[in-house]
Amino acid sequence: MKKLTVEVPEDLYRYLDFLEKRRMIKSKAQAVKTALKFYKMLAVHDWLPNLYRMGGSRVLLMEAGALLDIFHTLRNEEIYMVARMSAFKKKALNPLLSKADLTNPENWGIVLKELEIMGWGKFTRVNREIKVESCPIPTPYLLGLLETLFKTRFKEHKTRIPEVTILVAEDGEERPFLV
């Protein structure tokens, strides 16, 4: 591991000191390391004032409630179809996705990790099942996106745990309109 010494402005140092005293961070060094990991993960080096990019695509930060307001104006079928359009564009514009065989469950992690990085919640794949935790996106959108990218039909299994859903890949025929 390499050692790096940097000078920080007084206000940032006070902020780190505040976080450390409140035990919100273990140490100033740990907070800086974590911040750099997020800097790399979110590709902040590509960000400009008022313009954020990740993976070659522009992203925007938006309250989940505002996004849900938009979704509430649509029927579930419309939400599903919008997600399919998004999936086609995502696959066409993202070189990593266009080269990957996403029909293979072993490669689903590529998409699921990207969704986690974008703040969509936590996604855990076990064989042909995906556990979805704390996802603010409506299930029809999630199903449309994942079914289109993975060319696999999923059945939603609701759990007794709030904000946890299991998506189970169904064996057999794909949805007739999957391309």
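Here region 29-134 is assigned +1 on the Cβ of each Lys and Arg and -1 on the Cβ of each Asp and Glu. Its dipole about the Cα centre then comes out at about 360 debye. Global dimensions of the chain from alpha-carbon coordinates: Rg and Dmax equal 19.6, 62 Å. Going by alpha carbons, how many degrees (0 to 90, nearest 10) lie between the helix axis of 139-150 and the longest principal axis of the chain? The answer is roughly 80 degrees.
Taking each of 2/37; 40/158; 33/113; 33/90; 40/90 in turn, the alpha-carbon distance tops 23 angstrom for 40/158; 33/90. Per residue, the chain reaches -13500 deg cm²/dmol at 222 nm when only DSSP H runs of four or more residues are counted, each adding -39500 (n - 2.57). Per-residue Cβ neighbour counts within 10 Å put 116, 78 in the sequence 78, 116, beginning with the fewest.
The rule of thumb for compact globular proteins, 2.2 N^0.38 Å, goes into the C-alpha radius of gyration of region 1-63 1.36 times. Shown for region 73-169 is the translational diffusion coefficient from the Stokes-Einstein equation, using the Kirkwood radius over Cα pairs, a temperature of 25 °C and a viscosity of 0.890 mPa s: 182 µm²/s. Between the residues 137, 35, 5, the greatest Cα displacement towards the positive end of the dipole of the chain, with unit charges on the Cβ of Lys, Arg, Asp and Glu, is found for 5. Using a simple spin-label model with pseudo-atoms 7 Å out from Cα toward Cβ, residue 45 and residue 161 lie 3.6 nm apart. Using a 10 angstrom cutoff on alpha carbons, build the Gaussian network for the chain and name the most mobile of 155, 21, 40. Most flexible of the set in this elastic network: 21. Within the listed set 153, 22, 58, the Gaussian network model of the chain (springs between alpha-carbon atoms below 10 Å) gives the highest mean-square fluctuation for 22.
Computed from Cα atoms, the angle from the helix 76-93 axis to the main principal axis of the chain rounds to 60 degrees.
Can you tell me the relative contact order of the chain? Whole percent, Cα pairs under 8 Å, sequence separation 6 or more. Reported relative contact order: 15 percent. Inter-part distance, region 42-82 to region 87-161, computed on C-alpha centroids, equals 16 Å. Protection proxy ranking for 62-68, 107-113, using the average of other Cβ atoms within 10 Å per residue and placing the highest first: 107-113, 62-68. Largest GNM mean-square fluctuation among 12, 102, 51, using the chain with Cα springs under 10 Å: 12.
Coordinate-derived values only; no laboratory data. Keep in mind it's a predicted model, so treat the numbers as computed, not measured. As a convention, Cβ positions derive from the backbone with ideal geometry for all residues, glycine included, and neighbour counts pool all protein chains shown.
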